[in-house]
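Working notes, beginning with the structure itself.
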Amino acid sequence: MSSRIEVWSPEKTVADWIDASSASLRTISAGTGISRSKLSDLSNGKSTLTVSDLSAIASFLGIDPGSIFPQTVSLKAVDGAYQELGSKLGSAVMENVQARMTRDGHQLSVEDIIAWHEITQGHLYQSAEVRPHLVAVKPVHGDVPKLRILDVGNKSLTWAKVQADANVPVTPKDVEAYFASSIAAPDRSSIWQNYHDAIATQGRIYKDRKLLHWSDNGHASITVYFTMLMAGLWHDDEPVVWNFSKEVYSRPATDAELSDLQVGQGSR
């Protein structure tokens, strides 16, 4: 007798959640607005799970919707439907964010980005809605460790700091040049290590930073900001780190700080 092959599907996973819970279909239906017949048919493939269904059921059962994805499955081995659902989940998170921004004047927050990262695991194909707010970076080893910038969002703090002309887009090469020429060497080394650690731990790293750097007008500045580094995947499952940063304040550097910057970089 041939053994039955278990095929992963989001519907089957949610059906398993329901079976493992102590809630009846009647109770779940009343709490989510999803019909009992649809809930019942999830396990046999007769009903299709939508993102709103998933969000409602996961919320009712107290389960992270991102856990619907098997942790052992590589993106290279999954079909288009799996990727499509992942993309829709990421989009659903950001749709809620955008609605709050429109209604309340809400700005993209750390909590919003954490929710996106938890659900999407930081995959490039699931990042369209948050990508303008992020910078994609890869730490490169060598005689002089450096950061290779893969993408810079036009709503990111990095874009704002590097842009000299509002009419000229910021490119990855512009950001790499900025790191090489405008930031004190000890800061560059520390930043590179943080990115390397984020990839090594495959998680998130939170930092409060005080950065000594040259500003557009040729003066030295101190920028204090909060940054979150998140491990993710770029094209072809290449490891990448996403940077989401929020400025706290910026001020001119003191004479002593300016001297430190000139010693580390040479005067400009």
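The values are calculated or read from the model by the stated rules, or taken from the named source; none is laboratory data. Computed from a prediction, not measured in an experiment: that's the story for all the values here. Positions of Cβ are generated from backbone atoms using ideal geometry, with glycine treated the same way; all protein chains shown enter the neighbour counts. The protein model used for the area step is the full one, side chains on, heavy atoms only, and it has no ligands, DNA or RNA in it. Shrake-Rupley method; radii C 1.70, N 1.55, O 1.52, S 1.80 Å.
Between beta-carbons, use under 15 Å as the cut-off and find the net charge around HIS117, counting Lys and Arg +1, Asp and Glu -1. Taking every other residue near HIS117 into account, the sum is -3. Here the simple spin-label model places points 7 Å from the Cα toward Cβ, and for PHE226 and SER67 these points are separated by 2.6 nm.
In region 148-263, what percent of the accessible surface is made up of carbon and sulfur (1.4 Å probe, ligands and nucleic acids excluded)? The C+S portion of the solvent-accessible surface of region 148-263 is 52 percent. With a ≥ b ≥ c the root eigenvalues of the C-alpha gyration tensor of region 148-263, is it rounded (a/c under 1.5), prolate (a/b larger than b/c) or oblate? Prolate, because a/c is 1.5 or more and a/b exceeds b/c.
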